[in-house]
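The structure appears right after this line, and notes come after that.
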Amino acid sequence: MPEGRQIPHHGEAIVLRTWPFHEADLLVSLFTRDQGRVKGVARHAMKSRKRFGGALEPATHVRAHYTERPRQDLVRLDSFEILWSPLSAPVDALRLVGMQLVVEVLEEAMPELAVEDNVFRLAITVLRALEPGTWNLGPGPSQVWLPVTYFCLWMNRLMGWWPELGHCAACGLDLRGEAVWWSPTADGVTCKDDRRPGSRALSAESVAESYRIARTSLAELSTEDWPEKRAADLRAFAVGVLERHLERRIRSAAGLVSL
């Protein structure tokens, strides 16, 4: 940035997280469409809600107006306009944890100032799909399991973390049409004979489901019934791959299991 020059930005963003900062300010982490993940200061946001209102709620899709400042790592957040709010529909515990998983993974996986339009579009699609009645996902919990599974699988694919499932990583055995085994501590999948200590099975049906998710839109998949048990092992595997590459547990994923 040229010496002394302030650069204004206006564009779409997803609010990921907020922290108290100084007396009445908030530190806000945003995943922006044009600049990737940025952090900024919302001045007096804890006292005055005029400029931001409910727009600082995590998972809110906003049009963010902010300013880069010379020699400052944090941008100045000027105002937000809500494009979509998670509070526009009732938020039960399961939906809340689903939204928390999306923003937690984005916060941990996306480097600062790394533009990833495909990831941004994935996140917006999934967050809106978690809203009751968006598509034909049925009532109650069935509204959550498909979007969460879809997000975890596609986030891995877009980050280049999704392993090849057709062959054993140890012996090269053709595993197409078969169950595979995976370990939270190692890359790839194996056959049963080469499974590592602590490995878990991924059924042949769920392997096939992963291929369908990779080539089918969320809207099309939503015409089917997705109860919690459907592809539960695939969802656990996708979370495990994320956690291995993030090198940390995903707290909200554990929340999904406990509900």
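The values are calculated or read from the model by the stated rules, or taken from the named source; none is laboratory data. What you are looking at is a predicted structure, and each value in this text was computed from that prediction instead of being measured. Please note: Cβ atoms are built from the backbone with ideal geometry, for glycine as well, and neighbour counts cover all protein chains shown. Quick note on the areas: whole protein, heavy atoms, side chains included, nothing else; ligands and nucleic acids left out. Shrake-Rupley method; radii C 1.70, N 1.55, O 1.52, S 1.80 Å.
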The whole-number value in µm²/s of the Stokes-Einstein translational diffusion coefficient for region 55-147, with Rh from the Kirkwood sum over alpha carbon pairs at 4 °C and 1.567 mPa s, is 88
Karplus ³J(HN,Hα) for region 15-25 (6.51 cos²θ - 1.76 cosθ + 1.60, θ = phi - 60°; Hz, whole; x = Gly/Pro) runs 6, 9, 6, 10, 9, x, 8, 6, 6, 10, 8
Computed on Cα atoms, Rg of the chain relative to 2.2 N^0.38 Å comes out at 1.11
With every protein chain kept in place and a 1.4 Å probe, the chain has an accessible area per residue in Å² of 49
Cα-based Rg and Dmax for region 74-123, in Å, come out at 13.3, 34
Computed over region 1-93, the distribution of all Cα-Cα distances in 5 Å bins, rounded to whole %, is 3, 14, 25, 25, 17, 10, 3, 1, 1, 0
Note, region 106-112: 3J(HN,Hα) by Karplus (6.51, -1.76, 1.60, θ = phi - 60°), whole Hz, Gly/Pro = x, goes 4, 4, 8, 8, 8, x, 5
In whole percent, the fraction of accessible protein surface over region 139-259 that belongs to carbon or sulfur atoms, probe radius 1.4 Å, stands at 52
Of the accessible area of region 15-125, computed with a 1.4 Å probe and all protein chains kept, carbon and sulfur make up a percent value of 49
Sorted by chain and then number, the residues having a modelled amide H within less than 5 Å of the amide H of LEU173, at least 5 places away or on another chain, are CYS168
Using the Kirkwood formula on alpha carbons, the hydrodynamic radius of region 144-259 in angstrom works out to 14.5
What helix-only [θ] at 222 nm does the chain give? Using -39500 (n - 2.57) per DSSP H run of at least 4, over all residues, to the nearest 500, the answer is -10500 deg cm²/dmol
Checking rank on 205-218, 118-131, with mean other Cβ inside 10 Å and highest first, the result is 118-131, 205-218
Any lysines whose Cα falls less than 23 Å from that of LYS47, other than same-chain ones fewer than 8 residues away, would be LYS39
Ordering 22-30, 147-155, 247-255, 101-109 by per-residue average of other C-beta atoms within 10 angstrom, highest first, gives 147-155, 101-109, 22-30, 247-255
Bridge orientation stat for the chain from DSSP, antiparallel percent rounded to 5, came to 90
For the chain, longest principal axis from Cα atoms; helix 232-246 axis from its Cα atoms; angle between them, nearest 10 degrees, is 60
With +1 at each Lys and Arg Cβ and -1 at each Asp and Glu Cβ, the charge dipole magnitude of the chain around its Cα centre, to the nearest 20 debye, comes out at 640
If the chain between GLU81 and ALA214 were fully extended at 0.36 nm per residue, the gain over the current Cα-Cα distance would be 44.6 nm
Dividing the alpha-carbon radius of gyration of region 50-108 by 2.2 N^0.38 Å, where N counts its residues, gives 1.33
Region 50-121 and region 191-220 have their Cα centres apart by a whole-number Å value of 31
